[in-house]
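As structure tokens, the structure follows; a few thoughts come after it.
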Amino acid sequence: MNHPFGKEEAASQKQLFGFFCECLRRGEWELAQACVPQLQEGQGDIPKRVEDILQALVVCPNLLRCGQDINPQRLAWVWLLVLEKWLAREKKLLPVVFRRKLEFLLLSEDFQGDIPENILEELYETLTQGAVGPMPDGNPRRESCTPRLSSEAISVLWDLLRQSPQPAQALLELLLGEDDGTGFCHWPLQNALVDLIRKALRALQGPDSVPPGVVDAIYGALRTLRCPAEPLGVELRLLCEELLEACRTEGSPLREERLLSCLLHKASRGLVSLYGHTYAEKVTEKPLRATASGKVSPDHLDPERAMLALFSNPNPAQAWKVAYFYCLSNNKHFLEQILVTALTLLKEEDFPNLGCLLDREFRPLSCLLVLLGWTHCQSLESAKSLLQTLHRTQDPGCDELLRDACDGLWAHLEVLEWCIQQSRCCKSLLNLPGQVSTVSVQYS
């Protein structure tokens, strides 16, 4: 091939582009992929034409020439990864709908025979809309024309959750999408799932036998729920109350530990907070009422009284769980709340309860509490009680700097006590002549 003088590079790139297109026509995918990095550095309209071809390979996988060892969807996924690298070099973002469509097509291969063809088409149509529905609280901020799934499609998805929880969960996560403030989230589908979960919870507490797989379906549906950053709807609040009631019912097949593990994911942080708030309202009152009146002063503020009551519980696991939900519902870190509670007890010179609060897991905070509360001691006896409670009874393995500081305070306290004793002795000696004369008068 003849190259015009001075335009050898452009002619070489054009020839490479032709070779790239020929490899695609023959189905030589590895050779075609090897051409992509160099074509991206090409001149003129070659990079744009290559990018259009890559997008076409992803969007229309059924038109690709495939062998027996790979299907069009899997081949399109390979080209999707190539397109992602291409756009990353150009500092562009891949349209979300490309990946979502391919993920659905790949997942649908596992559901052949489990989902009717017309339901698959309905789900795919809903997925490709790429729009968002109304918020659960009725906020019209993101109105759209997202089609609602038919009752038959919802029923098929629920049955799939009962029979194959993990594949069904992956499909639901894809259909629901992400709620990041701008992304897709199919709120009508989520509302339908919430209704199905609540219906299943009522069935668990009823007298009739429950179909197999209902508990797994509840867990799987909870893993897929998204929780908006905006005020939550009434349905989610009722769901949390019913979940809590179901877990606390004797003989219930639901386990709270597993239920919480289903809720602890990034898209459901708001739902965890809502469950914690519900738990704190329903459960935290009982330890407070059950605590003996001699252990918790009624003069304490509610947060301090609550934390002291919780950690007076002989069951550490229960105390930690209730304290976690209590602090979560009040938007406070539990260590901050423990320090505030301890300082309140210190100011009131309630050293028995202070020692009880810091007796177990929070013992490493003892020296820190001594330094924070030292200025609140109103007398020498108060300072001695503080050090005896939090410093002299601590483990030797605490922080060395804090321990040395507390040792210094203890030494200063001993010096001060010695000075007071000496001043009393001196005062008694100064009053000796008066005492002698008084005795003489009395003797006379």
How far is the Cα center of the range 85-105 from the Cα center of the range 313-344, in Å? 45 Å
Just add up the charged neighbours of GLU125: K/R +1, D/E -1, any other residue whose Cβ is under 15 Å from the Cβ of GLU125. -1
In whole percent, and with a 1.4 Å probe on the protein chains, what portion of the accessible area of the range 7-94 is carbon and sulfur? 52 percent
Would you mind computing, in nm to one decimal, how far apart the modelled labels at TRP320 and SER423 are, each placed 7 Å from Cα along Cα→Cβ? 4.9 nm
Where in the range 1-86 are there chymotrypsin sites (Phe, Trp or Tyr not before Pro) that are in a DSSP coil and have at most 10 other Cβ atoms within 10 angstrom of their Cβ? PHE5
Starting from the Cα of GLU250, step 7 Å along the direction of its Cβ; do the same at GLU414; then give the gap between the two resulting points in nm. 5.8 nm
Whole-Å distance linking the alpha carbon centroid of the range 153-170 with that of the range 3-81 is 39 Å
With a 21 Å threshold on alpha-carbon distance, the violating pairs from LYS48/LYS92; LYS282/LYS332; LYS7/LYS92; LYS14/LYS48 are LYS7/LYS92
Would you kindly derive the ³J(HN,Hα) couplings of the range 268-281 from the backbone phi angles with the Karplus curve 6.51 cos²θ - 1.76 cosθ + 1.60 (θ = phi - 60°), listing them in order in whole Hz, with x for Gly and Pro? 10, 4, x, 5, 5, 5, 5, 4, x, 5, 5, 4, 5, 5
List the trypsin sites (Lys or Arg not before Pro) within the range 14-66 that DSSP assigns to loop and that have no more than 15 neighbouring Cβ atoms inside 10 Å. ARG65
Accessible surface of TYR324 in the full protein assembly, 1.4 angstrom probe, to the nearest 10 Å²? 110 Å²
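The values are calculated or read from the model by the stated rules, or taken from the named source; none is laboratory data. Everything numeric in this text was worked out from a predicted model, so none of it was measured. For neighbour counting, all protein chains shown are included, and Cβ atoms are generated from backbone atoms with ideal geometry for every residue, glycine included. Quick note on the areas: whole protein, heavy atoms, side chains included, nothing else; ligands and nucleic acids left out. Shrake-Rupley method; radii C 1.70, N 1.55, O 1.52, S 1.80 Å.
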